[in-house]
Structure formats: structure tokens, C-alpha cells
1. Could you give every pair whose Cβ atoms fall below 6 Å, whose first residue belongs to the range 65-85 and is under 18 Å from LEU7 (Cα atoms), and whose second residue is of a type outside the set (Val, Ile, Thr) and open to solvent by 70 Å² or more (accessible area, probe 1.4 Å), counting only separations of at least 6 or pairs across chains?
2. Mind telling me which of the residues TYR10, TYR26 ends up being within 30 Å of GLY65 (Cβ to Cβ) and open to solvent by less than 50 Å² (accessible area, probe 1.4 Å)?
3. For ARG90, indicate whether it is over 29 Å from PHE9 (Cβ atoms) and of a type outside the set (Val, Ile, Thr).
4. Can you tell me which of ALA110, ALA82 is over 14 Å from the mean Cα position of the chain (by Cα) and surrounded by 14 or more Cβ atoms within 10 Å (Cβ to Cβ)?
5. From LEU60, LEU114, which residue is under 19 Å from VAL13 (Cα atoms) and aliphatic (A, V, I, L, M)?
6. Can you report the number of residues in the range 49-64 which are surrounded by 14 or more Cβ atoms within 10 Å (Cβ to Cβ) and without any contact (Cβ under 8 Å) to a residue 12 or more places away in the chain?
7. Checking the condition among the basic types (Lys, Arg) and under 11 Å from the mean Cα position of the chain (by Cα), which residue from ARG47, ARG19, ARG74 passes?
Amino acid sequence: MNISFLLDFYGDVLGEKQRAVLELYYNEDLSLSEIAESEGMTRQGVRHIVKKAEQELIFLEDKLGLANHFVKIRSVSDGIIASLSDACDRLERGEDKEKLEALLQHQIAAVKTLAQIGE
């Protein structure tokens, strides 16, 4: 997973300095040297903070899986929305009731899958 994405999920768990340095490095795209200069640290010190914070974010995701669950839920829900929008379009065109019923049954199954992702 992208560290910036994991930072959105678990950033509050990190120490203030770790979070700030990772945000500068990943979200602001500053170099280690630029961060070191702005934070009054050595480049090696910044690199150490970045690596330790990355490890912590990856550890949290491995244990909790919140970001992965979010991605799965988002993917399934996007598919449901697209399919239901398609069903509405078909309904407006007066398509066959049986085809629409099959499409809606498929969406019911997708919603059930969505409910099971968090289990």
C-alpha cells in the first residue's frame, strides 16, 4: 500500500514529529535534505524517522487491515452504485422486468458481500 494512503488511516497513531516528517516527505514531496534543513535535523536523522514511521504504518496495516478493508468496501460500493444507476436507466427505457430483477438480485448479493468484508 502507498505510505501516503496509510498515513491517512494511521497518522494519528504516530508521534507528532513522525507524522509531520512523513507528511512533508510523502504529501509535500520534499527531499530528506529539505526536511532536515527546515526541521533543524540531519538528513540521516530525517531518513531514520521516515523509515521507522513507514515500518510502524505497515505494521499497523498488517495487524488491523483498515486501509485494505476501505479499498475493498469502496470497490464493491462503486460497483453497486454503477449497477443501480444502470438499472434506473433500464427502467426508464422500459426494459424487461425479468432482466431488471436479475440485475437487482445481483446487487443484493453484492450488498451481502459488502456486509461480510468487515467480518
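1. Qualifying pairs under 6 Å: LEU66/PHE9; ALA67/MET1; ALA67/PHE9.
2. Working: TYR26 fails: open to solvent by less than 50 Å² (accessible area, probe 1.4 Å).
Criteria check complete, one pass: TYR10.
3. Values: over 29 Å from PHE9 (Cβ atoms): yes; of a type outside the set (Val, Ile, Thr): yes.
Judged against the criteria, ARG90 is a match.
4. Numbers: ALA82 fails: surrounded by 14 or more Cβ atoms within 10 Å (Cβ to Cβ).
Exactly one of ALA110, ALA82 is over 14 Å from the mean Cα position of the chain (by Cα) and surrounded by 14 or more Cβ atoms within 10 Å (Cβ to Cβ), namely ALA110.
5. On the way: LEU114 fails: under 19 Å from VAL13 (Cα atoms).
Of the residues listed, the single one that is under 19 Å from VAL13 (Cα atoms) and aliphatic (A, V, I, L, M) is LEU60.
6. 0
7. Numbers: ARG47 fails: under 11 Å from the mean Cα position of the chain (by Cα); ARG19 fails: under 11 Å from the mean Cα position of the chain (by Cα).
When all the criteria are applied, what remains is ARG74.
The values are calculated or read from the model by the stated rules, or taken from the named source; none is laboratory data. Since we're looking at a predicted model, the values are computed, not measured. Positions of Cβ are backbone-derived with ideal geometry, glycine not excepted, and every protein chain shown enters the neighbour counts. Note: areas computed on protein heavy atoms with side chains; ligands, DNA, RNA excluded. Shrake-Rupley method; radii C 1.70, N 1.55, O 1.52, S 1.80 Å.
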